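Have a look at the structure below, then the notes.
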Amino acid sequence: MRASKLFVQTLREFPNDAEAMSHKLLVRAGYIKKLANGVYSYLPLMQRVLTKVSNIIRQEMNAAGAQELLMPFVQPAELWQKSGRWQVYGKELMRMKDRHEVEMCLAPTHEEVITSVVDGIFGSYKQLPVNLYHIQLKFRDEIRPRFGLLRGREFIMKDAYSFHTSQESLDAEYENMAQAYTKIFKRCGLETKMVQSDSGAIGGSVSHEFMVLVDTSVGENNVFYCEKCGYSANSNHAVSKLNDETTDGGFNELKLVDTPDVRTIEELAKFFNVGENCILKAVLYIASFADDAKGEKVPDMPVMVMIRGDKEVEETKLMNAVGALEIRPAVDVEVKEYLGTEPGFISFHGCADKNVRVIFDNSVRGMKNFVVGANQPHKHYTGYNFSDIKEEDLKGGKPEFVDVSLVKKGERCVDCGESLNVTRGIEVGNIFQLGTKYSKPMNALYTDENGKTHPYIMGCYGIGVTRTAAAAVERYHDDFGIIWPLEIAPYHAVVVPVNTNDEAQVKLAEEIYQKLLNKGVEAVLDDRADRAGVKFKDADLIGYPYRITVGKTIAEGLVEFKARKDADVLKLSPEDAVEKIVNAVSALK
Ligand code: ATP
Ligand code: MG
């Protein structure tokens, strides 16, 4: 490719609506162009990167025994009603009607469609297991599309679905996919960590995510991990052992105490001179739910979480615990409306007939003689114990314990007791065991050796193709631009004649370029009449892994060779420079 013909326009400035480095760089270097919020055109350079990522995925998926197909982007609502997800998917599902008033949607994912595809084609146990995948557009009307390709509304995903007759068979395929994923990301030049995760809207029980670790908030996930035993989990799923599992507030008598305007945990700890871990904190949330099976609206429900004063609520865990679609902290007027008191003093006292669901986080189990709000303005109890709870406080008089807390760095690993670390991660892929979550409601059945029918046992496995490419940029860049891993770079090398008026330079650059092409290197010849400085800047910004510069040193029979990721510039004969690149490219699988 000649740079004079390449459809690219690099920009002098970063776009001002971008936060993530990958977003800034992909726009500025001419890879993507925004069409609408969260919707981008992939320009020729980007398309080459995406093709490479897709091909790596294809090769490894095929090698792992999966078969490629292609399913539609537009889907009938009917299928989603069958699986029960039409009600629960929420606003991310882009719904519409066709000219016959038939309800349709843009595919946010393909569990329903694949289940309907397999049903009736592979109906016998003899044909199973099977794993089918495609690489296809998805549309999700994300509430906060951001970070460019990392969280778009329209994006490209590889999604695979496997169908089995037993849990053992699913387990084996799950492991097979985990290995394929590790290979895929490695071949994309990315190191990933496989972490346990929440299964979210897709459902199922076991799931893992593949994270590219980054140290900025562009990594939207917090990953807790143990260096000793390898435990690692997304914060929405992570558990820990507390360093102080039992805590004693030291108040040996139950008392109702005036606490005028003492509201926050910090203020209470000071006021009573106790650790925050000796205060039982109450947080009120409002949970909203999917419409019921008849399509009737289910009313919102207040949920009170009782959690140790030094711990925070993990909202995904809480959503799962109460089966909510969405959850948000209650505002002050709601606190008054539901509890009849003021924020800062709330608790479960006298709540048995108040229609508030009360949940106790596991972190509170070891608390004794603690401080807790009295659910009356400006009053707290001290020396409270769980045995003091009465029938009028909680239905049944007994607390309901669940894990809804956020792990903290330094808490201990549940598997080995070592201190947990935390880092940020970009989720580039995930694998789920779905079981019969879709096959059962959709009545998708296979026949066993005795002629009996059962719902398929399923797994699903996703990779964000566009997100993976962007994650590579997030991971590999410097002040001058992108540093593509050779495997997924749009081109392997650029050849830059310094002075396009110098015939000898132009001629040699052309020869080198032709040689590279002949040896299978994807090369660009920067034949533009611009100053050398402009061309170098563009080369660094675009991120070609190798650059050969043809300048004055040709008088000594030498050219300059530079790898984008290294600082040093080597003076080599044209043959040696070409050979270096050819060798690197041939080493790619
Ligand atoms: P997230 O938690 O980041 O929203 P998800 O759990 O919704 O991801 P899945 O539905 O499992 O993601 O989709 C599989 C893969 O698709 C993800 O691992 C991710 O790489 C990619 N992906 C999901 N949402 C987006 C998006 N809005 N933009 C780009 N890629 C996405
Ligand atoms: Mg999502």
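The lysines whose alpha-carbon is closer than 22 Å to the alpha-carbon of K440, local same-chain residues fewer than 8 away aside, are K82, K126, K294, K452.
Rolling a 1.4 Å sphere over the protein heavy atoms, what is the accessible area per residue of region 491-586, to the nearest Å²?
I get 48 Å² per residue for region 491-586.
Between the listed residues P343, S83, P15, the Cα displaced farthest toward the positive end of the dipole of the chain, a dipole computed from Cβ unit charges relative to the Cα centre, is found at P15.
From the alpha carbon gyration tensor of region 255-402, can you work out the equivalent ellipsoid semi-axes (sqrt of 5 times each eigenvalue) and give them in Å, largest to smallest? List each step's numbers first, then the result.
On the way: eigenvalues 141, 48, 43 Å².
After scaling each eigenvalue by five and taking roots: 27, 15, 15 Å.
Report the extension gain between A178 and R95 in nm, rounded to one decimal, defined as 0.36 nm multiplied by the number of residues separating them, less their alpha carbon distance.
Working: separation 83, 0.36 × 83 = 29.88 nm, distance 3.30 nm.
Here the segment from A178 to R95 would lengthen by 26.6 nm.
Ellipsoid semi-axes for region 491-586, based on the Cα gyration tensor and the rule √(5λ), read 17, 15, 13 Å when sorted largest first.
The modelled label-to-label distance between N243 and A77, using points 7 Å beyond Cα along the C-beta direction, is 5.4 nm. Taking Cα centre as origin and charging only the Cβ of basic (Lys, Arg, +1) and acidic (Asp, Glu, -1) residues, the dipole magnitude of region 255-402 rounds to 460 debye.
Name the shape class, rounded, prolate or oblate, that the alpha-carbon gyration tensor gives for region 520-559, where a ≥ b ≥ c are the square roots of its eigenvalues, rounded holds for a/c under 1.5, and otherwise prolate holds if a/b is larger than b/c and oblate otherwise.
Working: a/c = 1.98, a/b = 1.27, b/c = 1.56.
Oblate, because a/c is 1.5 or more while a/b does not exceed b/c.
This model, with +1 at the C-beta of Lys and Arg and -1 at the C-beta of Asp and Glu, gives region 415-546 a dipole about its Cα centre of some 520 debye.
Taking 7 Å steps out from each Cα toward its Cβ at K34 and E227 produces label points 4.0 nm apart. What percent antiparallel are the DSSP beta bridges of the chain, to the nearest 5? Here the antiparallel bridges make up roughly 80 percent for the chain.
With every protein chain left in place, what is the accessible area per residue of region 298-417 in square angstrom, probe 1.4 Å?
Numbers: 5180 Å² over 120 residues.
For region 298-417, the per-residue accessible area is 43 Å².
Charges were assigned to the Cβ only: +1 to each Lys and Arg, -1 to each Asp and Glu. The resulting dipole of region 525-589 about its Cα centre is roughly 220 debye. What the pair-distance distribution of region 401-511 shows, using all Cα-Cα distances binned every 5 Å from zero, is 2, 8, 8, 8, 8, 11, 11, 10, 9, 7, 4, 4, 4, 3, 2, 1, 0 percent. Within region 373-473, the GluC sites (Glu not before Pro) that combine a DSSP coil assignment with at most 16 other C-beta atoms in a 10 angstrom radius are E391, E392, E400, E418, E449.
Whole-Hz Karplus values for region 56-70 come out as 4, 4, 4, 4, 6, 5, 5, 4, 7, x, 8, 10, 8, 9, 8 Hz, taken residue by residue from phi with 6.51 cos²θ - 1.76 cosθ + 1.60 and θ = phi - 60°; glycine and proline positions read x. The aspartates and glutamates whose alpha-carbon is closer than 14 Å to the alpha-carbon of K571, local same-chain residues fewer than 8 away aside, are E556, E560, E579. Rolled with a 1.4 Å probe across the full set of protein chains, the surface gives M104 an accessible area near 40 Å².
What FRET efficiency comes out for the pair R531/E510, r = Cβ-Cβ distance, R0 = 25 Å, nearest 0.05? Working shown, then result.
Details: r = 19 Å, r/R0 = 0.78.
Between R531 and E510 the formula returns 0.80.
Separation of the alpha carbons by more than 19 angstrom is noted, of K281/K311; K281/K317; K336/K368, for K336/K368.
Calculated FRET efficiency, K452 and I121, Cβ-Cβ r, R0 22 Å, to nearest 0.05?
My answer for the efficiency is 0.65.
Between L517 and S387, the modelled label-to-label distance comes to 8.7 nm, taking each label 7 Å out from Cα in the direction of the beta carbon. Within a straight-line Cα-Cα reach of under 23 Å, K5 can be paired with the following lysines, leaving aside sequence neighbours fewer than 8 residues apart in one chain: K33, K34, K52, K507, K515, K519, K535, K537.
Note on region 459-496 and region 272-344: Cα centroid distance 41 Å, given to the nearest whole angstrom. Cysteines in the chain lacking any other cysteine Cβ under 4.7 Å from their own Cβ: C105, C188, C278, C351, C460.
For region 491-586, give the share of DSSP beta bridges that are antiparallel, in percent and rounded to the nearest 5; count only bridges with both residues there. Please report the intermediate quantities before stating the final value.
On the way: 8 of 16 bridges.
Of those bridges, close to 50 percent are antiparallel.
Let me make sure I get this right: for region 1-145, a, b and c are the square roots of the gyration tensor eigenvalues over alpha carbons, sorted descending. Under 1.5 in a/c it's rounded, otherwise prolate if a/b > b/c, else oblate. Which is it? Please list the in-between numbers first.
Values: a/c = 2.77, a/b = 1.50, b/c = 1.85.
It is oblate, given that a/c is not under 1.5 and a/b is not larger than b/c.
What's the local net charge at H349, with K and R +1, D and E -1, over the other residues with C-beta under 11 Å away? Taking every Cβ under 11 Å from that of H349, the sum is 0.
Taking the accessible area of the chain, probe 1.4 Å, and keeping the other protein chains in place, the carbon and sulfur fraction comes to 48%. Its DSSP H runs of at least 4 residues, each contributing -39,500 (n - 2.57), put the calculated 222 nm mean residue ellipticity of the chain at -7500 deg cm²/dmol, to the nearest 500. With kT/(6 pi eta Rh) evaluated at 4 °C and eta = 1.567 mPa s, and Rh the Kirkwood radius from Cα pairs, the chain diffuses with a coefficient of 47 µm²/s according to Stokes-Einstein.
Potential lengthening of the chain between K5 and Q47 amounts to 13.5 nm, from the contour at 0.36 nm per residue minus the alpha-carbon distance. Taking 14 Å as the cut-off, the amide N atoms of region 537-571 that come nearer than this to a point 7 Å along the Cα-to-beta-carbon line of D502 belong to 549-561.
The values are calculated or read from the model by the stated rules, or taken from the named source; none is laboratory data. What you are looking at is a predicted structure, and each value in this text was computed from that prediction instead of being measured. Note: ideal-geometry Cβ built from the backbone for every residue, glycine included; neighbour counts use all protein chains shown. Side chains included, ligands, DNA and RNA excluded: accessible areas come from the protein's heavy atoms. Shrake-Rupley method; radii C 1.70, N 1.55, O 1.52, S 1.80 Å.
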